[in-house]
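Heads up: the structure comes next, in structure tokens.
The values are calculated or read from the model by the stated rules, or taken from the named source; none is laboratory data. Fair warning: this is a prediction, and the values are worked out from it, not measured in the lab. Neighbour counts run over all protein chains shown; Cβ positions are idealised from the backbone, glycine included. To get the accessible areas, we keep the full protein, side chains included, count just its heavy atoms, and leave off ligands, DNA and RNA. Shrake-Rupley method; radii C 1.70, N 1.55, O 1.52, S 1.80 Å.
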Amino acid sequence: MSAELVGTAEPDGLRAAHVDRDRVVEALSAAAAEGRLTAGELDERVEAALTARTFGELAALTADLPERAAPEAPRDVVRIEQHGASATRSGEWAVPRRMEIESAWGDVTLDFSEALITYDTLRIDLDMQAGALRLITRPGVVVDADSLVIGFGGTRIRPAADPETPAVLRVEIRGRLSYGQLEARPRRRWFRKGWFGRRWLGRR
């Protein structure tokens, strides 16, 4: 993470979007957790990020912070197997072509808001009992659960904002969900209430 905006190379005068501001807020929060920024510096920079209009204004807020590690290369198949635990994929994780999820008495969260997407389709083969599968989407990510068999459970799929955005990833969920829930929704907006000694409302 340097004078470039968290891995992008957009012209400084180009207008920034909400997702660009959110990426910088994430980067600043991570830097504060590592001890690179004080609480006061973090509060000041987050406020500036949330009101920034251009990529140049956002880039200035991370110019004195080190580069973020490059994301891992995507794999064809990723398997998650757990019992009585929780698993999360978030940040700049590489979305595979297929995921096999076997889970009992636990939750699995897949956050696509900053994910590295190189395939146009992700197939999820699900075998879940007494748990929840949560998908945090972004514009262009479409969730299809029509082939999922549900027993004593429920689904709630909310499309990401701006339905006119072209699809960049289609998530096809198949398999079985028993006594559990499937939730797919866009990430929640940041609402500033303060930091550390005050309250922040997060995204999830």
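Tell me the carbon and sulfur percent of the accessible area for the range 89-184, rounded to whole percent, probe radius 1.4 Å.
With neighbouring chains kept in place, the figure for the range 89-184 is 46 percent.
I want to check the label-to-label distance for I150 and E81. Put each point 7 Å from Cα in the C-beta direction and report it in nm to one decimal.
So the two model labels end up 2.8 nm from each other.
Using mean Cβ contacts within 10 Å as the protection proxy, how do 60-67, 100-107 order, highest first?
The densest-packed peptide leads the list: 100-107, 60-67.
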